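Heads up: the structure comes next, in structure tokens.
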Amino acid sequence: MTKTQFDFGSGLVDAHHHSNGGGWVAETATVEDSAYVGPNALVSGDALVSGDAWVSGNARVYGNAR
């Protein structure tokens, strides 16, 4: 997993591409390996994406979303 920085809308934060789908995930967020985060989707803040969840299209999961 390559870590870098990405701007989720409030400035650069530490982030990486999710291994299942390639979407951006902030280091502060949690996305389980079993979940899918598509290449145009973003997960940031303290969000948690778990199980077989599917985040796709231009979806944004952020804040304290679960």
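The values are calculated or read from the model by the stated rules, or taken from the named source; none is laboratory data. What you see is a predicted model; the values in this text were computed from it and never measured. Here the Cβ is made from the backbone with ideal geometry for all residues, glycine too, and neighbour counts use every protein chain on show. Each accessible area value is taken on the protein alone, full model and side chains, heavy atoms only, with ligands, DNA and RNA left out. Shrake-Rupley method; radii C 1.70, N 1.55, O 1.52, S 1.80 Å.
See the values below:
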quantity: Residue list for region 21-53, restricted to those being open to solvent by 30 Å² or more (accessible area, probe 1.4 Å), part of a strand (DSSP E or B) and under 19 Å from Gly9 (Cα atoms); calculated: Trp24, Thr30, Leu48
quantity: Selection status of Gly57, exposed (fewer than 14 other Cβ atoms within 10 Å of the Cβ) and not in a strand (DSSP E or B); calculated: yes
quantity: Members of region 8-20 found to be part of a strand (DSSP E or B) and open to solvent by 80 Å² or more (accessible area, probe 1.4 Å), listed by number; calculated: Leu12, Asp14, His17
